[in-house]
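To keep things clear, I will list the structure first and then write my remarks on it.
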């Protein structure tokens, strides 16, 4: 039990001017930020800030499957582990995994597996670990976004990125990307993720009340939001490779400088090396090779002999 | 970079050969600490939070609280408990599941440093003696493993505790009710820890991942602001002589003082 702090809940979720409680338009996303390559050890990693959601995702694999019996001989398996930090929510979450986390892990698995070429990795597992550092409504969508980015950062071949965003219904109006309060006080919540190559839905849940017309508007909003997130995702990937390019260019400059300093020596060496591949080719047909394991040493010996 | 499950003898030889020359793989001297980067209060729903990088070791700690009953032997004192979880993306060696023995060791060492270091003023965390006290949860999540998690965890735990804000309560009909105010967690002294690694007779501070995977043993000292040692932990199979222990406990006090001065953790206390 914690001390109850009374909050001033707004009576309406949509103001008279058509704006929402945080000043957003009906089809406007919360501030979104993402970055890849944020964890040093993981093969691939991503950090996503979606509203006040703060999420890290890390990828390992393809690697050996533990326990062994889960391995499949015909294709690799994708395993997603969605976990919330104890301090990410208002009431401290128990550190033990619960059923909600298991379910979300499964639906994210289902959303991402069709974007990978799992048939390339028989008997192996690709593992995605998602850690919610701060939760603010819509963590499963933001987690899918982060996980997809982390897979891309791991350098795995992929058919498409996946962008996750939710739609909802508040005060009878359809809204994009529910915040925490809209999630709790609203009358419907449609978390979804879109595979961007063909804009098909690979994650979809629903809870609340909506008629098919409203669902149609939700889908349109979700696709619109997903496109914006996708743009940020691709920018994050480009940003990383720009960073790498700048670093290598800087390194190359240093190497160039150093080679210029020690110029006469390397040039001479290069000339010597040029002779090597030619000479053994000439020699080998004339002399039979008694020791084929050490071709380089042999050829050098020959060279000395001929000299 | 991958942390290998099995460390090759070549890797071990490389580290030892460097140490013999008085060098370390990352270019540090034997008594150089890695750079520490801290950010606090970035998790809106946590009472306090800190993100700490020690080199590439990366820990996020959050503070949550609960109102509960005190222990019968200290009815007028609040409670603080630590937890550490190694997130599987922190290292390929970690698996998901309940905390393993290494995580438990890290937690217990940090917990002892805080508990016995005249750190938290537990009496000020009491709302009604014998009935209602604050229970603090110091939950540490290791996001990236790159050696010396005890020191990184201790810094993050202290930064998070200092950055925390708790709602204050009054008693109404035997229940704790919010009185409209907030308080910081009352802290007397800030204990910090410093760890020495050992390979053969070479002893060095703040082992990184490459060193930690090949070293024979470690020793951690937690030291508070008056220079008192508040907890020690020897881990690994290496044994230590009396002279070494005395020498390195003195060095530890010096290192912790330096660290405390550079970090200036009290800057993270929020204004109320």
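The values are calculated or read from the model by the stated rules, or taken from the named source; none is laboratory data. This one's a predicted model, so the numbers in the text were calculated from it and none came from an experiment. Here the Cβ is made from the backbone with ideal geometry for all residues, glycine too, and neighbour counts use every protein chain on show.
When you look at residue B:75, is it out of contact with any strand residue (DSSP E or B) (no Cβ under 7 Å at 6 or more places or on another chain) and loosely packed, with under 15 Cβ neighbours inside 10 Å, yes or no?
Working: out of contact with any strand residue (DSSP E or B) (no Cβ under 7 Å at 6 or more places or on another chain): yes; loosely packed, with under 15 Cβ neighbours inside 10 Å: yes.
Judged against the criteria, residue B:75 is a match.
So, residue A:42, is that one touching a residue at least 12 places away in the same chain (Cβ under 8 Å), assigned by TED's automatic domain parsing to the domain that holds residue A:76, in a strand (DSSP E or B) and surrounded by 22 or more Cβ atoms within 10 Å (Cβ to Cβ) or not? Steps first, answer last, please.
On the way: touching a residue at least 12 places away in the same chain (Cβ under 8 Å): yes; assigned by TED's automatic domain parsing to the domain that holds residue A:76: yes; in a strand (DSSP E or B): no; surrounded by 22 or more Cβ atoms within 10 Å (Cβ to Cβ): yes.
Taking the combined requirement at face value, the residue does not satisfy it.
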Inset, instruction - Kindly provide the set of residues from the stretch B:134-161 that are out of contact with any helix residue (DSSP H, G or I) (no Cβ under 6 Å at 6 or more places or on another chain), more than 9 Å from chain A (Cβ to nearest Cβ) and farther than 10 Å from residue B:63 by Cα, ordered by number. - result: B:135, B:148, B:151, B:152, B:155, B:156
Legend entry - Single condition residue B:119 does not satisfy, out of (1) more than 10 Å from chain A (Cβ to nearest Cβ); (2) closer than 20 Å to residue B:46 by Cα: (2)
Inset, instruction - Can you tell me which residue among B:259, B:213 is outside any strand (DSSP E or B) and under 18 Å from the mean Cα position of the chain (by Cα)? - result: B:259
Legend entry - Residue tally, condition more than 7 Å from every other protein chain (Cβ to nearest Cβ), within 27 Å of residue A:150 (Cβ to Cβ) and within 17 Å of the chain's Cα centre (by Cα), over the stretch B:59-94: 4
Legend entry - Filter result (without any contact (Cβ under 8 Å) to a residue 60 or more places away in the chain and farther than 14 Å from residue A:174 by Cα) within the stretch A:16-30: A:16, A:17, A:23
Inset, instruction - Considering only the stretch A:72-102, state which residues are more than 7 Å from every other protein chain (Cβ to nearest Cβ), more than 30 Å from residue A:7 (Cα to Cα) and in contact with a strand residue (DSSP E or B) (Cβ under 7 Å, 6 or more places away or on another chain). - result: A:76, A:77, A:78, A:79, A:80
Legend entry - Lone qualifier among A:41, A:53 - being at the interface with chain B (Cβ under 10 Å from one of its Cβ atoms) and in contact with a helix residue (DSSP H, G or I) (Cβ under 7 Å, 6 or more places away or on another chain): A:41
Legend entry - Positions within the stretch B:33-51 being more than 11 Å from chain A (Cβ to nearest Cβ), free of Cβ contacts under 8 Å to residues at least 40 places away in the same chain and either farther than 13 Å from residue B:259 by Cα or more than 18 Å from the chain's Cα centre (by Cα) (or both), in sequence order: B:39
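Kindly indicate which of A:208, A:138, A:172, A:155 is under 13 Å from the mean Cα position of the chain (by Cα) and at positive phi.
Numbers: A:208 fails: under 13 Å from the mean Cα position of the chain (by Cα); A:138 fails: under 13 Å from the mean Cα position of the chain (by Cα); A:172 fails: under 13 Å from the mean Cα position of the chain (by Cα).
Residue meeting the stated conditions: A:155.
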Legend entry - Residues of the stretch A:3-38 satisfying the condition of being touching a strand residue (DSSP E or B) at 6+ places or on another chain (Cβ under 6 Å) and within 10 Å of chain B (Cβ to nearest Cβ): A:3, A:5, A:38
Inset, instruction - May I ask you to list the residues in the stretch B:62-85 that are assigned to a loop (DSSP other than H, G, I, E, B) and either free of Cβ contacts under 8 Å to residues at least 60 places away in the same chain or within 17 Å of residue B:112 (Cβ to Cβ) (or both)? - result: B:71, B:72, B:73, B:74, B:75, B:76, B:77, B:78
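With within 26 Å of residue A:58 (Cα to Cα) and loosely packed, with under 15 Cβ neighbours inside 10 Å as the only criterion, which of B:95, B:105 stands out?
Values: B:105 fails: loosely packed, with under 15 Cβ neighbours inside 10 Å.
After ruling out the rest, the residue left standing is B:95.
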Inset, instruction - Examine the stretch B:4-15 for a residue that is surrounded by 17 or more Cβ atoms within 10 Å (Cβ to Cβ), touching a strand residue (DSSP E or B) at 6+ places or on another chain (Cβ under 7 Å) and within 10 Å of chain A (Cβ to nearest Cβ), and state whether such a residue exists. - result: no
Inset, instruction - Only one of these is closer than 19 Å to residue A:114 by Cβ and touching a helix residue (DSSP H, G or I) at 6+ places or on another chain (Cβ under 7 Å): A:197, A:222, A:229. Name it. - result: A:229
Inset, instruction - Return a yes/no flag: does the stretch A:68-76 have any residue that is crowded, with 19+ Cβ neighbours inside 10 Å and either outside the structural domain of residue A:112 (by TED's automatic domain parsing) or outside any helix (DSSP H, G or I) (or both). - result: yes
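Can we say residue B:160 is in a helix (DSSP H, G or I), at pLDDT 95 or above and under 23 Å from residue A:5 (Cβ atoms)?
yes
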Legend entry - the stretch A:136-168: number of residues that are within 14 Å of chain B (Cβ to nearest Cβ) and either assigned to a strand (DSSP E or B) or crowded, with 24+ Cβ neighbours inside 10 Å (or both): 9
Inset, instruction - Name the residue, out of A:189, A:198, A:110, that is away from chain B (no Cβ under 14 Å) and either at positive phi or assigned to a strand (DSSP E or B) (or both). - result: A:189
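Listed here are the residues, each with its yes/no results for (1) within 14 Å of another protein chain (Cβ to nearest Cβ); (2) crowded, with 24+ Cβ neighbours inside 10 Å; (3) within 30 Å of residue B:14 (Cα to Cα); (4) touching a residue at least 12 places away in the same chain (Cβ under 8 Å).
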{"residue": "B:131", "(1), (2), (3), (4)": "yes, no, no, yes"}
{"residue": "B:163", "(1), (2), (3), (4)": "yes, yes, no, yes"}
{"residue": "B:166", "(1), (2), (3), (4)": "yes, no, no, yes"}
{"residue": "B:183", "(1), (2), (3), (4)": "yes, no, no, yes"}
{"residue": "B:189", "(1), (2), (3), (4)": "no, no, no, yes"}
{"residue": "B:201", "(1), (2), (3), (4)": "no, no, yes, no"}
Legend entry - Set B:94, B:145: member being at pLDDT below 90 and in contact with a strand residue (DSSP E or B) (Cβ under 9 Å, 6 or more places away or on another chain): B:94
